[in-house]
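Just so you know, all these numbers are worked out from the coordinates, no wet-lab data involved. Values in this document were obtained by computation on a predicted structure and should not be read as measured data. Ideal geometry is used to build each Cβ from the backbone, glycine not excepted, and the neighbour counts take in all protein chains shown.
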Amino acid sequence: MSLITEEVKGKADEVYYGDKISQEKTRLLLKEVGLPNGLLPLKDIIECGYVKESGFVWMKQKKAITHKFHKIGKQVTYAKEVTANVEKNRVKNLTGVKAKEVLIWLTLSEIYVDDPPTGNITFQIPAGLSRAYPVDAFEIEEEAGTETKKKKDVKEEEEVKEVKKEVSNGGSVVVNVKEV
């Protein structure tokens, strides 16, 4: 059963259709309320909305997805419909999100960061149990990263030229390969 009725949509200050704009608005909202912008890595969003008066937000995607947060090694599943109430530094009444803990999937009901900031974000289940992780595990680079990528590419090209120069002069090179 969907929590997003026509009545809720009618009260919405903002409703967006389509993946690109919905992704952008979701990240922006998370940032505005003080939460990491990569907390909801949804794909193929077809609709999202926000009722400012109550803080109610929703996101609908084409199909449920499972995402792995590599920095903490945790899998999280997002249903086709994700809803919540947002406020400063907190997501409450969360629906449609489960995290895998050992062999079982636990429904998440609340997510918050401490104020003043401690660098941790806490995830809570309806039973009240919670677990904290570093906030940066849920951050994603902004689009401004394209400029950073260009600088990185130029730096790598310069390093390759230096290696080629050293090899052509008869020097030896030790190469460390790291997995990306």
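Where Rh denotes the Kirkwood radius from the mean inverse Cα pair distance, what is Rg over Rh for segment 6-138? Display every interim value, and only then the final one.
Values: Rg = 14.1 Å, Rh = 15.0 Å.
Checking Rg against Rh, the ratio lands at 0.94.
With 24 Å as the limit, the listed pairs LYS11/LYS98; LYS68/LYS88; LYS20/LYS52; LYS63/LYS88 have LYS11/LYS98; LYS68/LYS88; LYS63/LYS88 beyond it between alpha carbons. Looking at segment 6-72, the GluC sites (Glu not before Pro) that sit in a DSSP loop and have at most 15 other Cβ atoms within 10 Å of their own Cβ are GLU53.
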